[in-house]
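This report concerns only the one structure given below.
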Amino acid sequence: MALCRDWTTITNYLGKETAAVYQRALFLCRQLHFSPHLFTVYWGLHEVALYRGDYGESLELSVHCLRIAEGMGDPGLLLQAHHALWASYYYQGNYTQALAHVDAGLALYQHPTHEALSPQYGLHDPAACALGLAAQALWQLGFLDQAAQRQQELLAHANRLAQPHNIADGYGGVASVYHLLRAPALAQPYAELTLHAGAEQGYPGLSIAGSVPLGWSLALQGTPETGLALIEQAMAEDQAMGGQQIIQSRNSVMLAEAYLAAGRPDAAIVALDRGIATFARHRDLLCAPDLWTLKGVALLALGAAEIEVEACYQAALALAQELGAKTSELRAATQLALLHQQQGRPEAGRQLLNDLYDWFTEGFESVDLRAARQLLDELAGIP
């Protein structure tokens, strides 16, 4: 088990060595019929499967964890079983089940007892993980005020954690949600703290988790080349470690947005096509529809045929509707309505955007909803 933890720190669950030592531990635990260690091995193998994009296997292993925890009646193990399950359901796109396990897990969490166990379970605090994932799920579902509230709870919780890697991981989650909420200046300090902590503590996964949103925030605040260098280096390091499949769409979106900020739409398209190809293999859902929306934006900047641009926006809409990703759907609809306005036929996109805007019940001060409202007023001729 000590080898499992050591290899996890170095390879972020992606190295062949990590999988091999977990498999050896699994064999020994089955021979000895020792349930607590068997639980920990199943939990680690769930993370291995999750990071490589095998979400079905991850869920199956998480269910094994839940059965062991329930059989033993151990609240700490039950918390970690919910920890595994909320991640497995989330990455399959089952946000309702994921949020249910978040609530169940948070009800069991006790600080500092459960933070102290983080080296055995993903090298991050389970409550910080729950709050960050809940914020992402709520953002995707279109509940933007609730997403922001969960993010602030995450920040408050990260500030009371004791272990440096847990604090940094929490701050990385805060920065990631600020990216979703389109707040680069607010993301920057938390991304910087995550990057520096990862470098100081020797955790390459944390360095990557800080570098990408930091590069994105710098690019959107006026220093795109500096930001691009950070993102490109971090993504290269991630690939050298095996590539965390669960974050590729998000990273590709941030890289493409940085390229667009630098006035390089051709490079943005290359990054987006790479992200789209990865999504086709692993279906990493966070920001996935935005890949097609941004490709349409980049094609339009290059003077591509409008039919090609519109096809990208329509693909983004279709995927967002399939995933129930309302915020990404709003972004795609806004760009499509803007395209129709530029074509001199504003009514073509107005009804779609208006119906979608009317679906939302909160988040009206968010960047996305304010942009949609402004465009709707322009399309209606309201000064």
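Couplings 3J(HN,Hα) for region 316-323, derived from phi with the Karplus relation 6.51 cos²θ - 1.76 cosθ + 1.60 (θ = phi - 60°), are 5, 4, 5, 5, 4, 5, 4, 8 Hz, where x marks Gly and Pro. Relative to the compact-globule estimate of 2.2 N^0.38 Å, the Cα radius of gyration of region 181-266 comes out at 1.01. Only helical runs count toward this figure. For the chain, summing -39,500 (n - 2.57) over DSSP H runs of n ≥ 4 and dividing by all residues gives -26000 deg cm²/dmol at 222 nm. Give the residue from Ala256, Trp359, Ile382 lying farthest towards the positive end of the charge dipole for region 244-383; charges sit on Cβ (+1 for Lys and Arg, -1 for Asp and Glu) and the dipole is referred to the Cα centre. Working it through, the farthest residue towards the positive pole turns out to be Ala256.
Each of Phe364, Phe279 was scored by other Cβ atoms within 10 Å of its Cβ. Arranged with the fewest first, they read Phe364, Phe279.
Farthest toward the positive end of the dipole of region 68-215, out of His111, Ile167, Gln140, is the Cα of Gln140, where the dipole comes from beta carbon charges about the Cα centre. In terms of packing, defined here as the mean over residues of other Cβ atoms within 10 angstrom, the peptides 352-359, 166-173 line up highest first as 166-173, 352-359. Taking θ as phi - 60° and the Karplus parameters 6.51, -1.76 and 1.60, the scalar couplings of region 124-134 work out to 8, 6, x, 5, 4, 4, 4, 5, x, 5, 4 Hz in sequence order, x denoting glycine and proline.
Each Cα pair under 8 Å and six or more residues apart adds its sequence gap; the mean of these over the residue count of region 244-383 is a relative contact order of 17 percent.
Compared with the dominant principal axis of the Cα atoms in the chain, helix 248-261 is inclined by about 40°. Simple spin-label estimate for Gln343 and Arg370 gives 3.0 nm between the two label positions (7 Å along the Cα-to-Cβ direction from each Cα). For region 65-78, putting each phi into the Karplus relation 6.51 cos²θ - 1.76 cosθ + 1.60 with θ = phi - 60° gives couplings of 4, 4, 5, 5, 4, 5, x, 8, x, 9, x, x, 5, 5 Hz, in residue order, rounded to whole numbers and with x for Gly and Pro. Based on the Cβ-Cβ distance of Met72 and Leu186, what FRET efficiency does E = 1/(1 + (r/R0)^6) give at R0 = 35 Å, to the nearest 0.05? Efficiency for this residue pair is about 0.25. Pairwise Cα distances in region 124-238 exceed 23 Å for 24 percent of all pairs. Note that region 244-383 shows a convex hull volume over its alpha carbon atoms of 115 Å³ per residue. Look at where the Cα atoms of region 65-88 and of region 232-266 average out, and the two centres are 34 Å apart. Between the helical axis of 144-158 and the longest alpha-carbon principal axis of the chain there is an angle of about 40 degrees.
Relative to the dominant Cα principal axis of the chain, helix 288-301 is inclined by about 30°.
Taking other C-beta atoms within 10 Å as the exposure proxy, His64, His82, His196 rank His196, His64, His82 from fewest upward.
Any read-out appearing in this document is the output of simple, stated calculations on the displayed coordinates, not a laboratory observation. Fair warning: this is a prediction, and the values are worked out from it, not measured in the lab. Because the Cβ atoms are built from the backbone with ideal geometry, glycine has one as well, and the counts that use them run over all protein chains shown.
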